[in-house]
Amino acid sequence: MGIGSGNELNYPLLQLMLLIIHLIYTTIRPIAKINGFISMYVCLCKGITDSQVQQAIDNGADYKALREQLGIASDCGQCGNICKEMVKASQECAFYEAQVA
Ligand code: FES
């Protein structure tokens, strides 16, 4: 099959979509505080949403546990960095909340 036949995965487009998801997650979502209101697909291969990932993180999952429990980054791997950032952001929030308390 030739390029552009429509039957192959378009990885540049997939990367662009994941970048947009990342930008939305790191900019708009914290500002709007819409946690739980809107779900976005973090892992397109497995159909896993950010709400599912965040719920697992809130229940104590780290990146390794996300991989084991949800199958994050087990196919193309493009969702790995976003999930690592979600874990890191949650850890930083917990750190700062502990500092304030
Ligand atoms: S987006 Fe491909 S494994 Fe998650």
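Below, the figures for the structure above:
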| read-out | value |
| --- | --- |
| Number of the exception - residue 52 against (1) modelled with pLDDT of 95 or more; (2) under 11 Å from the mean Cα position of the chain (by Cα) | (1) |
| Subset tally (residues that are within 16 Å of the ligand (Cβ to nearest atom) and over 21 Å from residue 10 (Cα atoms)) for segment 58-101 | 15 |
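The values are calculated or read from the model by the stated rules, or taken from the named source; none is laboratory data. Predicted, not measured: the structure shown is a model, and the values here were computed from it. Using ideal geometry, Cβ is built from the backbone for each residue, glycine included, and neighbour counts are taken over all protein chains shown.
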